[in-house]
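S.K.: What follows is a single structure, and I will ask about it in a moment.
The values are calculated or read from the model by the stated rules, or taken from the named source; none is laboratory data. Values in this document were obtained by computation on a predicted structure and should not be read as measured data. Positions of Cβ are backbone-derived with ideal geometry, glycine not excepted, and every protein chain shown enters the neighbour counts.
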Amino acid sequence: MTSGALAAFAPNRRAGRARVVLSAMLTAALGAAPAAGSAQPPDAEDVADIPSQELYVGGDNHQRYFLIGPKADARRPKAGYRLLVVLPGGDGGADFHPFVKRIAKHALGDDYLVAQPVAPRWSPKQAEQVVWPTRQTSWQGMKFSTEEFVEAVIRDVADKQAIDAKHVYTLSWSSGGPAAYAISTGKNTAVRGSFIAMSVFHEKNLPGLKRAKDRPYYLYHSKDDRVCPYRLAEQARDALKKVGAKVQLREYDGGHGWRGDVYGEIRRGMRWLEKSANKSGATASGAKEAEKKSKGESEMGERDREDDKDRKDDDGE
């Protein structure tokens, strides 16, 4: 599969299912997401070689996620696997799984695991208006916030595999972005950096924004975006820098959606986050907890130093 235009609301072009974001407020796509207990979507042929498990945190059908990796014959890194948690846009549903597996295959190294939470549906109306409800954008009847869900997923993965707590990141786009901002500013978050693409930013929903200090954020946005205006990415950059966060805003052409060299651009952003996290002196208590749960060593080893050297050209600062 080529890395041509991939609309953020069309995770599976072969199946012809379109997910349409209704407004800059990120109201959800038309059409229902798969039920929490539905079967895992079939693998596309090009990613059939990428191992994946369908899991439920604590056996809770609402806390469904996919764990992608380790890759076949991958050697466990001395410091543990790096972890990328992906919050898809659109309806946040399981249909994005083949695309997320392509991210694992084409944008990340063998030292990564990828966790893809599936957005829970608390009501049909909620799924249309707030795909990933947070503590500040809560919905009546919800049993947990997206922040709690993601942190639970991270702990669950750390119970199964050795995780490098210094390299736990989120990748989100469109409707997934607001939750990613909320997660990154949580009091005890284990997340060390955030890649947020083509999304919105509402400072009023982030009471813990000061906690973004020293944290890296890679923002990816098109000036041609008519769904989530580019000015919102500029507002995010300015607000985050004001509290001492490390921010890189990269522009792309073509409007809302994944376009061009999709996996190359994701790889570039992840390398920037990795380098920035290595330089950061901040260690969240949540990251310390994940570090304790990891079976591997937590100190940056030779692999990290080699990566740091190799990635100087991708710094972008």
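S.K.: Confirm whether Ala180 is out of contact with any Pro (no Cβ under 7 Å at 6 or more places or on another chain), within 29 Å of Arg155 (Cβ to Cβ), aliphatic (A, V, I, L, M) and assigned to a helix (DSSP H, G or I). Before the answer, list the steps.
M.R.: On the way: out of contact with any Pro (no Cβ under 7 Å at 6 or more places or on another chain): yes; within 29 Å of Arg155 (Cβ to Cβ): yes; aliphatic (A, V, I, L, M): yes; assigned to a helix (DSSP H, G or I): yes.
In short, yes.
S.K.: Between residues in region 94-111 that are in contact (Cβ under 8 Å) with a residue 12 or more places away in the chain and residues that are basic (Lys, Arg) and surrounded by fewer than 24 Cβ atoms within 10 Å (Cβ to Cβ), which pairs lie under 8 Å by C-beta distance while being six or more apart or on different chains?
M.R.: That search, which allows pairs on different chains as well, returns Asp95/Arg17; Ala104/Lys71; His106/Arg267; Ala107/Arg267; Leu108/Arg267; Asp110/Lys71; Asp110/Arg75; Asp111/Arg303.
S.K.: Gln116 versus (1) among the polar types (S, T, N, Q); (2) in a strand (DSSP E or B); (3) without any contact (Cβ under 8 Å) to a residue 24 or more places away in the chain: which is the lone unmet condition?
M.R.: That leaves (3) as the condition not met.
S.K.: Then there is this: Looking at the structure I just gave you, is Ser145 farther than 21 Å from Gly208 by Cβ, surrounded by fewer than 24 Cβ atoms within 10 Å (Cβ to Cβ) and not aliphatic (A, V, I, L, M)?
M.R.: no
Quick grid of which residues meet (1) under 29 Å from Asp261 (Cβ atoms); (2) of a type in the set (Gly, Ala, Ser); (3) touching a Leu at 6+ places or on another chain (Cβ under 8 Å):
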{"position": "Leu67", "(1), (2), (3)": "yes, no, yes"}
{"position": "Arg76", "(1), (2), (3)": "no, no, no"}
{"position": "Gly93", "(1), (2), (3)": "yes, yes, no"}
{"position": "Lys105", "(1), (2), (3)": "yes, no, no"}
{"position": "Asp110", "(1), (2), (3)": "yes, no, no"}
{"position": "Val118", "(1), (2), (3)": "yes, no, no"}
{"position": "Gln140", "(1), (2), (3)": "no, no, no"}
{"position": "Lys143", "(1), (2), (3)": "no, no, no"}
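S.K.: When you scan region 87-109, do you find a residue that is of a type in the set (A, V, I, L, M) and either modelled with pLDDT under 95 or closer than 18 Å to Glu151 by Cβ (or both), even just one?
M.R.: Yes - at least one qualifying residue is present in region 87-109.
S.K.: Considering only residues that are outside any loop (DSSP other than H, G, I, E, B) and of a type in the set (D, E, K, R), look in region 123-150 and name the one that is modelled with the lowest pLDDT.
M.R.: For region 123-150, the residue satisfying everything is Glu128.
S.K.: Among the residues of region 87-106, is any crowded, with 24+ Cβ neighbours inside 10 Å and assigned to a strand (DSSP E or B)?
M.R.: yes
S.K.: Something else: Just to be sure I understand the filter: pairs with C-beta atoms under 7 Å, separated by 6 or more residues or on different chains, first member in region 223-239 and under 16 Å from Ser174 (Cβ atoms), second member of a type outside the set (Phe, Trp, Tyr) and part of a helix (DSSP H, G or I). Which pairs pass?
M.R.: From residues that are under 16 Å from Ser174 (Cβ atoms), the pairs are Cys228/Ser174.
S.K.: Tell me, yes or no, whether region 227-242 has at least one residue that is under 26 Å from Arg102 (Cβ atoms), in a helix (DSSP H, G or I) and out of contact with any Asp or Glu (no Cβ under 9 Å at 6 or more places or on another chain).
M.R.: no
S.K.: Suppose we keep only residues that are surrounded by fewer than 19 Cβ atoms within 10 Å (Cβ to Cβ) and in a helix (DSSP H, G or I) within region 272-281. Which one would you say is modelled with the lowest pLDDT?
M.R.: Lys279
S.K.: Go through His221, His256 for me and flag whichever is assigned to a strand (DSSP E or B) and under 20 Å from the mean Cα position of the chain (by Cα).
M.R.: His221
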